[in-house]
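The structure under discussion appears below in the form of structure tokens.
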Amino acid sequence: MAVERIGVVGCGLMGSGIAEVCAKAGYRVVVREVTGELLDAGMKRLTGSLDRAVAKGKLSAEDRDAAQARIVGTTDIGAFAECDLVIEAAVEKLELKRKIFAELDQVTPPQAILASNTSSLAITDMAAATKRPDRVLGLHFMQPVPVMPLLEMVRTVLTSEETFQTARAFGESLGKTIVVSKDNPGFIVNLLLIPYLLQAIAELEKGVATKEDFDTAIRLGLNHPMGPFTLLDFVGLDTTLFIADAVFDETKDPRFAAPPLLRRMVSAGWLGRKSGRGFYDYGK
Ligand code: 3HC
């Protein structure tokens, strides 16, 4: 099946990054937000990232302009009517996602593939909201989407071989390296990442070392680009807590039990870089 036009639901941190990599790979992209204000903010982020790629010597100015010209922003879900593949990157609420999938099922061509970028919700639950569950799968991008080379594909028991192979070829055409997971809580990356991050918080609460020393130890001792507390602030404490709770709810696996400190920080609005404060202070 030929994939030429891509739809992206949501133009937040992930949606704008997904729209950007698709446009850079030559696809025509429709990206939809719920309000004009959110759309403007998302498009601004997208433009900023393209400009950064030019400044870093990763993209020519002509290619940036061509990529930009391939992207259309909208607030109308009906604008996905001619898309071959739609990637949902809305907020992590299952009921909202099921509603979006039911709407996409109505407005997109019957052969279109519907994908979710969810980090932890069950793809099968979204597939079940459509009349084409064989054409639904997970395409989980990593943050920051334009920079991270991985794409995690999530295949449910209902995903057809044709859908899977078409989506794999699409992912590879974006320049991403593919890994494949069952529709299992946490998939691959978060299955290992979240217990590690939660344990770092628990050890900090115990006073084993300072957050700075944990970060330095992991950065210089293991050559990770970021230590756990810098990474927590980068991913977002609310996002981390959401994934932990979602996996814990389903599995009761104690490795996903969020430490009280994480929950309190989220309640306090200390969400990490995006709110200006998390484990570290980022000022305004
Ligand atoms: N477009 C294209 N390339 C870009 C770019 C852009 N907008 N911005 C930066 N780059 C390139 C740079 O040119 C550079 O490439 P090079 O190494 O070949 O020169 C590279 O990206 C790194 O950029 P910078 O040097 O500007 O930035 P840093 O060195 O500070 O790296 C980082 C920033 C890439 C975020 C790095 O710190 C990192 O990899 N951190 C870990 C991120 C991570 O673990 N992400 C996964 C989180 S888990 C997840 O997403 C799953 C979810 O479900 C929670």
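Quick one: give the max-minus-min coordinate of the C-alpha atoms of the stretch 33-105 along each principal axis, largest first, in Å.
41, 24, 20
Using the heavy atoms of the protein chains and a 1.4 angstrom probe, tell me the accessible area per residue for the stretch 5-182 in square angstrom.
43
Can you order the peptides 159-169, 58-68 by their average number of other Cβ atoms within 10 Å per residue, highest first?
Listed from highest to lowest mean packing, they are 159-169, 58-68.
Show me 261-269, 140-148 ranked by packing, highest mean number of other Cβ atoms within 10 Å first.
Per-residue mean Cβ counts within 10 Å order the peptides as 140-148, 261-269.
Give me the distance in nm between label points sitting 7 Å out from Cα along the Cα-to-Cβ direction at GLU4 and THR47, one decimal.
2.9
Amide H to amide H, which residues 5 or more places from VAL180 or on other chains are under 5 Å from it, using H placed in the peptide plane?
Those qualifying (amide H under 5 Å, at least 5 residues apart or on another chain) are MET153.
Using packing as a proxy for protection, rank 69-75, 129-135, 15-21 so that the peptide with the highest average count of other Cβ atoms within 10 Å comes first.
Order by mean packing, descending: 15-21, 129-135, 69-75.
Counting Lys +1, Arg +1, Asp -1, Glu -1, what net charge surrounds GLY36 among other residues with beta carbon under 14 Å of its beta carbon?
-2
Leaving out same-chain residues fewer than 8 places away, which lysines sit with a Cα under 21 Å from that of LYS211?
LYS274
Taking each pair of different alpha-carbon atoms in the stretch 32-182 once, compute 1/r for the pair, average those values, and report the inverse of that mean as the Kirkwood hydrodynamic radius in Å to one decimal.
For the stretch 32-182, the Kirkwood estimate is 16.4 Å.
Count the lysine pairs in the stretch 5-182 that are 8 or more places apart or on different chains: how many have C-alpha atoms under 30 angstrom apart?
27
Can you pull the one-decimal nm distance between simple spin-label points at LYS99 and LYS58, each 7 Å off the Cα toward Cβ?
Going from the LYS99 label point to the LYS58 one covers 3.4 nm.
In whole Hz, what ³J(HN,Hα) sequence does the stretch 264-280 give by Karplus (6.51, -1.76, 1.60; θ = phi - 60°), x for Gly and Pro?
Per-residue couplings from phi come out as 5, 5, 5, 4, 6, x, 8, 9, x, 3, 5, 9, x, 8, x, 5, 10 Hz.
Can you compute the equivalent ellipsoid semi-axes for the stretch 141-240, i.e. the square root of 5 times each eigenvalue of the Cα gyration tensor, sorted largest first and rounded to whole Å?
Result for the stretch 141-240: semi-axes of 32, 15, 10 Å.
Taking the inverse of the average 1/r across all pairs of different Cα atoms in the chain, what Kirkwood radius in Å do you get?
In the chain this quantity evaluates to 19.6 Å.
For Cα pairs less than 8 Å apart in space and 6+ apart in sequence, what is the mean separation divided by the residue count of the chain, i.e. the relative contact order in percent?
Answer for the chain is 13 percent.
Per the 1.4 Å probe, what fraction of the accessible area of the chain, in percent, lies on carbon and sulfur atoms?
56
Mind telling me which of THR124, THR156, THR210 comes out most flexible in a GNM of the chain, alpha-carbon contacts under 10 Å?
THR210
Whole number in Å², please: accessible area per residue of the stretch 239-284, 1.4 Å probe, ligands, DNA and RNA not counted.
59
If you take every residue apart from LEU261 with its C-beta less than 12 Å away from the C-beta of LEU261, what net charge results, scoring Lys and Arg +1 and Asp and Glu -1?
Net of charged neighbours comes to +2.
The values are calculated or read from the model by the stated rules, or taken from the named source; none is laboratory data. Every value quoted in this text rests on a predicted model; they were computed, and no experiment measured them. Quick reminder, even Gly has a Cβ in these numbers, built from the backbone with ideal geometry, and neighbours come from all protein chains shown. Surface areas here come from the heavy atoms of the whole protein model, side chains and all, with no ligands, DNA or RNA. Shrake-Rupley method; radii C 1.70, N 1.55, O 1.52, S 1.80 Å.
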